[in-house]
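Enquirer: Attaching a single structure in structure tokens format; questions to follow.
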Amino acid sequence: MDKPACDIPELAIQVRGLTKSFGDCPALRGIDLNVRRGESVAVFGPNGAGKTTLIKILAAIMNPSSGEVLIDGLSIKDTTYEVQRRIGIVSHQTFLYANLTAYENLKFYGRMYDVPGTDERIREVAEMVGMTSRLNDKVGTFSRGMQQRLSIARSLLHKPSIMLLDEPETGLDQRAISLLWKVIRPDGGERRTTVFSTHSLERGRELADRFIILNKGRAVFEDTKHRLDLDGLREAYQRTAGASV
């Protein structure tokens, strides 16, 4: 059961001492992170920095090696289903079934998350991403860009309060990119809590309130949009990540 509004904490995401290793290879080394409700946080870093691993753990689709992660005050270890109901995720993996139609995919996830008025909601999200005419087509016939659009619709189906996006612009054309950032706001325009990884410092600074740079599994830099212009962000990235973009 969802918590009453008065019991929902101000911090949507709390991370303490998060580590993740794959065999002898550490991917995350003691990450601490707080994200306020309605805040947008961009995560930068070179390939292998740990961005995707962090997003997957926050989404409760990968277990950490150690540390604590709370989503709306709920532990991802103890209340995985309740956590996942609060989260929408867009990543390289679409989480779609190629042998099912777009409608059947959305219907499946609607049932999984107990979405009320599923058919009406499916029509709403399909219209949001410009896919109404393709609902009865099998996903295996879609281009990568169309699959990503459907993945965005899937992520919004249950009206999540938190969006997690792992380099979401990959495979999207410019129209779809503009659409992506427009539709992650919920009905009425209230801001969702958003954590997204991107290689584009320009896009990250445009859309985020706060920036975090990862390098070799550690958070090596953090600052806010109000304190840092784009040139300052580029300098910080080059200094802390050892690369220029």
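Enquirer: To check my understanding: the extent here is largest minus smallest coordinate of the Cα atoms along each principal axis. What are those three numbers for region 87-159, in Å, largest first?
Expert: Principal extents (largest minus smallest coordinate, Cα): 30, 24, 21 Å.
Enquirer: Here is a further query. Using each residue's phi in region 28-34, evaluate 6.51 cos²θ - 1.76 cosθ + 1.60 at θ = phi - 60° and report the 3J(HN,Hα) Karplus result to the nearest Hz, with x for Gly and Pro.
Expert: Result, ordered by residue: 10, 10, x, 7, 10, 7, 10 Hz.
Enquirer: Can you list the lysines whose alpha carbon sits under 21 Å from that of Lys216, skipping same-chain ones fewer than 8 residues off?
Expert: Output for Lys216: Lys20, Lys51, Lys56.
Enquirer: Principal axes first, then extents: for the Cα atoms of region 191-233, list largest minus smallest coordinate on each axis, whole Å, largest first.
Expert: Cα extents, longest axis first: 30, 25, 17 Å.
Enquirer: Another one. To the nearest 10 degrees, how steeply does helix 102-112 sit against the main Cα axis of the chain, on a 0 to 90 scale?
Expert: The answer is roughly 70 degrees.
Enquirer: Hey, can you grab everything whose amide H is under 5 Å from the amide H of Ala27? Only 5+ residues off in sequence or another chain; H modelled, so Pro and N-termini drop out.
Expert: Lys20, Ser21, Phe22
Enquirer: Using unit Cβ charges (K, R positive; D, E negative) and no other charged atoms, how large, in debye to the nearest 20, is the dipole of region 37-92 about its Cα centre?
Expert: With only Lys, Arg, Asp and Glu charged at Cβ, the dipole is about 160 debye.
Enquirer: Between Asn34 and His199, what is the label-to-label distance in nm when each label sits 7 Å out along the Cα-to-Cβ direction?
Expert: For the pair Asn34/His199, the computed spacing is 3.4 nm.
Enquirer: If only Cα atoms are counted, what is the Rg of region 105-245, and what is its Dmax, in Å?
Expert: 17.4, 51
Enquirer: I'd like to know how region 1-126 sits against the 2.2 N^0.38 Å rule of thumb: what's its Cα Rg over that expected value?
Expert: This ratio for region 1-126 stands at 1.19.
Enquirer: Order of 153-159, 130-136 by packing, highest average Cβ count within 10 Å first?
Expert: Numbers: 153-159: 22.4, 130-136: 14.6.
Averaged packing, sorted descending, gives the order 153-159, 130-136.
Enquirer: About the Cα centre of the chain, what is the dipole size in debye to 20, counting +1 per Lys and Arg Cβ and -1 per Asp and Glu Cβ, all else neutral?
Expert: That gives the chain a dipole magnitude of about 320 debye.
Enquirer: The chain: D in µm²/s via Stokes-Einstein (Kirkwood Rh, Cα pairs, 4 °C, 1.567 mPa s)?
Expert: Reported coefficient: 70 µm²/s.
Enquirer: Also: Under the rule a/c < 1.5 gives rounded, and otherwise a/b versus b/c splits prolate from oblate, where does region 21-79 land using the Cα gyration tensor?
Expert: Verdict is oblate for region 21-79.
Every number here is computed from the coordinates shown, using simple stated rules; none is lab data. Values in this document were obtained by computation on a predicted structure and should not be read as measured data. Every residue, glycine among them, receives a Cβ derived from its backbone with ideal geometry; neighbour counts consider all protein chains shown.
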